[in-house]
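Notes to accompany the following structure.
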Amino acid sequence: MGYRYRLHRSDLPGKPDLAFLGKRKVIFVHGCFWHQHGCRFSHVPKSNRPYWVPKLERNQARDAEHLKALRADGWKCLVLWECQLSGIQRIRRRLSKFLE
């Protein structure tokens with residue numbers, strides 16, 4: 001699409017998947033299971049629940065902290081979920097709208 005970006009900037013909270021430095025915009029691409037999106041892919045495993053529930057809750061809390069820190073520093077953030085990644089034209093429109 002012609003945009004200049006950097007991958008996994010470790011100097012930004014959460015190491016965003018894509019960082020558009022000149023625009024001060026970042027994109028996270030989250031897996032629905034690991035970040036508990038709430039869709040059909042985000043189940044909690046039935047075995048070893050005492051391990052999984054706190055782990056997945058920590059992931060969500062950490063995600064919220066990273067977004068809050070980025071926004072407080074003047075960054076615009078977009079989260080794309082695994083379940084939303086079908087339909088390339090729809091994704092292109094969404095990215096164009098966010099990056100303009």
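Only the coordinates and a few stated rules stand behind these numbers; no lab work does. Since the model is a prediction, treat every value here as computed from it, not as a measurement. With ideal geometry, Cβ positions are generated from the backbone for all residues, glycine too; neighbour counts draw on all protein chains shown.
Under 15 Å between C-alpha atoms is the cut-off here; go through the range 6-99 and count lysine pairs that meet it, provided they're at least eight residues apart or on different chains.
Summing the qualifying lysine pairs gives 11.
So, counting K/R as plus one and D/E as minus one, what does the shell of residues with Cβ under 15 Å around Tyr51 add up to?
Working: positive: Lys46, Arg49, Lys55, Arg58; negative: Glu57.
Around Tyr51, the surrounding residues sum to +3.
Compute the angle between helix 88-99 and the longest alpha-carbon principal axis of the chain, please, reported from 0 to 90 degrees and rounded to the nearest 10.
The angle comes out near 70 degrees.
Separation between the Lys15 and Leu95 pseudo-spin-labels, each 7 Å from Cα along Cα→Cβ, expressed in nm?
Going by the 7 Å Cα→Cβ label model, 2.1 nm.
Report the calculated FRET efficiency for Val44 and Leu85 (r = Cβ-Cβ distance, R0 = 25 Å), to the nearest 0.05. Please report the intermediate quantities before stating the final value.
Working: r = 22 Å, r/R0 = 0.88.
So, using R0 = 25 Å, E works out to roughly 0.70.
Could you tell me how many degrees, from 0 to 90 and to the nearest 10, lie between the Cα long axis of helix 49-72 and the main elongation axis, the longest principal axis, of the Cα atoms of the chain?
Tilt relative to the chain: about 20 degrees.
Tell me what the chain gives for mean residue ellipticity at 222 nm when only DSSP H runs of n ≥ 4 count, each as -39,500 (n - 2.57), the sum divided by the residue total, rounded to 500 deg cm²/dmol. It would help to have the intermediate numbers written out before the result.
Values: 3 runs with 40 residues, N = 100.
So the calculated ellipticity at 222 nm is -13000 deg cm²/dmol.
What is the spin-label model distance, in nm, from Arg58 to Tyr3 if the labels are put 7 Å beyond Cα along the C-beta direction?
3.2
In percent, how large is the relative contact order of the chain, given Cα pairs closer than 8 Å and 6 or more residues apart?
Details: 114 pairs, mean separation 27.4, N = 100.
Value for the chain: 27 percent.
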